[in-house]
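Undergrad: Here's a structure for you.
What follows draws every value from the coordinates through simple rules; no lab data is involved. Remember, it's a predicted structure, so these values are computed and weren't measured experimentally. Here the Cβ positions follow ideal geometry from the backbone for every residue, glycine too, while neighbour counts run over all protein chains shown.
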Amino acid sequence: MNITQKLISSHLVSGRMESGQEIAISIDQTLTQDATGTMAYLEFEAMGIPKVKTKLSVSYVDHNTLQTGFENADDHRFLQTIAAKYGIYFSRPGNGICHQVHLERFAKPGETLLGSDSHTPNAGAMGMLAIGAGGLSVAMAMAGEPFYLIMPKVVRVNLKGRLPKWAAAKDIILEVLRKLTVKGGVGRVIEYAGDGLKYLTVPERATITNMGAELGATSSVFPSDEQTKIFLRAQQREHDLMLLEADIDASYDEEITIRLNKLEPLIAAPSSPDNIKAVRDVAGVPVKQVCIGSCVNSSFMDIMVVAKALKGKKVHPNVSLTISPGSRQVLSMISENGALTDLVSAGARILECACGPCIGMGQAPPTDAVSLRTFNRNFHGRSGTPNDKVYLCSPLTAAVSAMTGVITDPKEYLKGQGIKVKLPKEFIIDDSMIVSPSGEPENVVIERGPNIKPLPIRGELEGSLKAKVALKVADNITTDDIMPAGAKILSLRSNIPAISEYVFLRIDSAFAGRAKAAGQSVILGGVNYGQGSSREHAALAPMYLGVKIVLAKSFARIHRDNLINFGILPLTIATDIYDAIEQESEIEFPTLAADIKGSPDVTFIDTKTGKTYKASHGLTERQTEIILAGGLLNYIKGKS
């Protein structure tokens, strides 16, 4: 077996390990963050279970740390008290970004991790099967329920040779994105192999597995090997080591090869992570902002590369450089070794150990200016600036460009040399900002601010339905498009009636009002509808507005699951049907519930033209029952 098959088989609860079949796996660990966690814990609380049933569950605060009103601070108190009561570890604000901290302190080879954040596969660098999902799926896992998914295909990526001095792990994943695109990983796990592995440390591997989310992949995974042992030893966690590698005769569904010695510095141009170009081809473009950090490139090694590049030099006067260390451990180490002084002396602005600019939480770039970022996403408007021009690159490319004021190829800037940083033999260990669950949970009082509202739930699926197409959108619509982030909107994440006012705000500011007035509606989408973040609010808020069905050419995995979880029916249509139907068209589904029960297709009619069409639902037997019940919570209540 390959590594993916070994991880799945050791956790298989039901189903056959055949591509395309629905399987269920047990979950060892869960993680949540504060942008998704509040709703996930409200969902868990509604199940009436006294304690989580996982081996380990951790609640992180890293997204909504900007406190311009009471909402975020109130929700952090809710998260801390509910964690204390239900057996969950709580990582306090300032302790770091969930994926960075989890890799440092909790990720464990051979185990499964389900997280309410799409970049949860970051932990695949440690030989875990780590999967991003919606908050309700994570709540179910904390309740001891298995996680259901379609058995993925496994793609072997052979890494041959060794990176040149001027290239980085970021360039590897950008090359994979160039080859596969943002939808090339859908229904797949990306498994890394080859002789190049021995040169890649765990933090470098995490850069690669993290951005597997941008491929649309179910997960990405590396073996657990000597590099894993070295990292765990440095984190004083060698007892967590379990060696895990593919069998010599393991088979794969697909294979690609990347010759690392041939790689050059790469960059993702606006506004998609797969719009890959060689840095030399865009060199000279003026830059006004450089942001270094996020869960993909904020490790000690990443920040040290930047500090060494900037040591004794100055940031260009036209550039604003910000640096977000990924964890308090990283910040402590660069404080102790003097690198923090080098960064500050060069003119860098040091932000807190949090997601920050990556999710539009501050540092929106200037109008019509290029922002160079080491982040994982550059979706249109995600930065907080309309019509932004965000490029994604490695920390080294970002650092040299910050000094020159233009996009700069580090190979040229360093005259063929490089800046390499070794993994430290020992990390500073201080877990004092990780709060253990209460030993007396019965005495814990959960604190709820006034912004926390009850979870809305829809009724059973209608037998028949007539509704207008409230919005028609193009290909690759992201969950940022559906439910924007940013300081103003994310503070409303535990208040669905309030946050629903912002659904599709950047695409059509009148959508929310139009959908509410209609009472029930349909959305028409293109290819890869719902790519990006795992935020279930992109399903919850449209459901609250009366969206009943989404017709699309294809769906991103996590968002499709979230739609089903909240009773919105995802239907796949052909391109000619998409072309024929217009926004404001009235569509009738005369036998909706009966079609779902007894046919792979759903029949619907364009009432204006009288033409009849068919759409595929692709639901498993279990998903069919969930949709008929009006969502996962209704389904679970019906079974109990």
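Undergrad: Take the Cβ-Cβ distance between D431 and A517 as r, set R0 to 41 Å, and report the resulting FRET efficiency rounded to the nearest 0.05.
TA: Working: r = 52 Å, r/R0 = 1.26.
According to the calculation, E is roughly 0.20.
Undergrad: Hey, another quick one. Using a 7 Å offset from the Cα along the Cα-to-Cβ direction at both L414 and E621, what is the distance between the two label points in nm, to one decimal?
TA: 5.7
Undergrad: Considering only DSSP beta bridges where both residues belong to region 474-612, give the percentage that are antiparallel (nearest 5). It would help to have the intermediate numbers written out before the result.
TA: Working: 3 of 14 bridges.
Given both bridge residues lie in region 474-612, the antiparallel proportion sits at roughly 20 percent.
Undergrad: Still on this model: Please give the length that would be gained between E440 and K614 if that part of the chain were fully extended, namely 0.36 nm times their separation in residues minus their C-alpha to C-alpha distance (nm, one decimal).
TA: So the chain would gain 57.0 nm between E440 and K614.
Undergrad: Moving on to the next point. Non-local amide H neighbours of S320 (under 5 Å, H modeled in plane, Pro and chain starts lacking H): which ones?
TA: Counting only residues 5 or more places away or on other chains, the set is Q289, V290.
Undergrad: Something else now. Summing Lys, Arg as +1 and Asp, Glu as -1, what charge do residues with Cβ under 12 Å from the Cβ of P357 carry, P357 excluded?
TA: Charge balance near P357 sits at +2.
Undergrad: Once label points are set 7 Å from the Cα along Cα→Cβ at both A278 and E460, what is their separation, rounded to one decimal in nm?
TA: 6.3
Undergrad: Let me ask something else. Which percentage, to the nearest 5, of the DSSP beta bridges contained in region 266-413 is antiparallel?
TA: Beta bridges within region 266-413, antiparallel portion: roughly 25 percent.
Undergrad: Taking other Cβ within 10 Å of each residue's Cβ, how do H119, H11 sort, fewest first?
TA: Ordered by Cβ neighbours within 10 Å, fewest first: H11, H119.
Undergrad: OK, next. Can you list residues whose amide H is under 5 Å from Q33's amide H, if they're 5+ apart or on another chain and H is modeled 1.01 Å from N?
TA: Y60, S116
Undergrad: Here's another thing I want to ask about it. Would you mind ranking L628, L310 so that the residue whose beta carbon has the fewest other beta carbons within 10 Å leads the list?
TA: Working: L628 19, L310 24.
Placing the least packed residue first, the sequence is L628, L310.
Undergrad: Counting Lys and Arg as +1 and Asp and Glu as -1, what is the net charge of the other residues whose Cβ lies under 11 Å from the Cβ of N72?
TA: Counting the neighbours of N72, the net charge comes to -2.
Undergrad: Could you state the number of Å between the C-alpha centres of region 319-367 and region 132-146?
TA: 33
Undergrad: ³J(HN,Hα) across region 415-432 via Karplus (A = 6.51, B = -1.76, C = 1.60, θ = phi - 60°), whole Hz, x for Gly/Pro?
TA: 6, x, 8, x, 10, 10, 10, 8, 5, x, 6, 9, 8, 6, 10, 8, 9, 5
Undergrad: Okay, next question. Relative contact order (percent) for the chain, with alpha-carbon contacts under 8 angstrom and 6 or more residues of separation?
TA: Relative contact order for the chain comes out at 14 percent.
Undergrad: Provide the percentage of antiparallel DSSP beta bridges, counting only those with both residues in the chain; round to the nearest 5.
TA: DSSP beta bridges in the chain are roughly 30 percent antiparallel.
Undergrad: Right, here's the next one. Explain nothing, just the number: dipole magnitude of the chain about its Cα centre with +1 on each Lys and Arg Cβ and -1 on each Asp and Glu Cβ, in debye rounded to the nearest 20.
TA: The dipole magnitude comes to about 1220 debye.
Undergrad: Next up: What list do you get for I428, I3, I496, I596 if you sort them by fewest beta carbons within 10 Å?
TA: Going from least to most buried by this count: I428, I496, I596, I3.
Undergrad: Further, regarding this structure: Label point 7 Å out from K422 along Cα-to-Cβ: which residues of region 333-358 have amide N under 17 Å?
TA: 337, by backbone N distance to the label point.
Undergrad: Sticking with this structure for a sec: Under the rule of -39500 (n - 2.57) per DSSP H run of 4 or more residues, summed and divided by the residues of the chain, what mean residue ellipticity at 222 nm is obtained, to the nearest 500 deg cm²/dmol?
TA: -8000 deg cm²/dmol
Undergrad: How far apart, in nm, are the 7 Å Cα→Cβ label points at K453 and K262?
TA: Those two pseudo-labels are separated by 5.5 nm.
Undergrad: First measure r as the distance between the Cβ atoms of A24 and K313, then evaluate 1/(1 + (r/R0)^6) with R0 = 56 Å and state the FRET efficiency to the nearest 0.05. Write out the running numbers ahead of the final one.
TA: Values: r = 54 Å, r/R0 = 0.97.
Plugging the Cβ-Cβ distance into 1/(1 + (r/R0)^6) gives 0.55.
Undergrad: May I ask you to derive the FRET efficiency for E584 and N158 from their Cβ-Cβ distance with R0 = 60 Å, giving the value to the nearest 0.05?
TA: Efficiency, from the Cβ-Cβ distance: 0.75.
Undergrad: Can you give the local net charge around L215? Use residues other than it whose beta-carbon is closer than 13 angstrom to its beta-carbon, Lys and Arg +1, Asp and Glu -1.
TA: Details: positive: K153, R178, K179, K183, R188, R377, R557; negative: E175, E191, E214, E254, D274.
Neighbourhood net charge equals +2.
Undergrad: What stretch of the chain, leaving out the sites themselves, is the longest with no GluC sites (Glu not before Pro) in a DSSP loop having at most 10 other Cβ atoms within 10 Å? Don't skip to the answer; put the middle values down first.
TA: Details: sites that count: E18, E426.
So the longest stretch without any such site is 19-425.
Undergrad: On a 0 to 90° scale, report how tilted helix 395-404 is relative to the longest principal axis of the chain, with both axes built from alpha carbons and the result rounded to the nearest 10.
TA: The angle comes out at about 70 degrees.
Undergrad: Express in nm, to one decimal, how much length is gained between M242 and T341 on full extension, taking 0.36 nm for each residue of separation and deducting their alpha carbon distance.
TA: Result: 31.8 nm gained on full extension.
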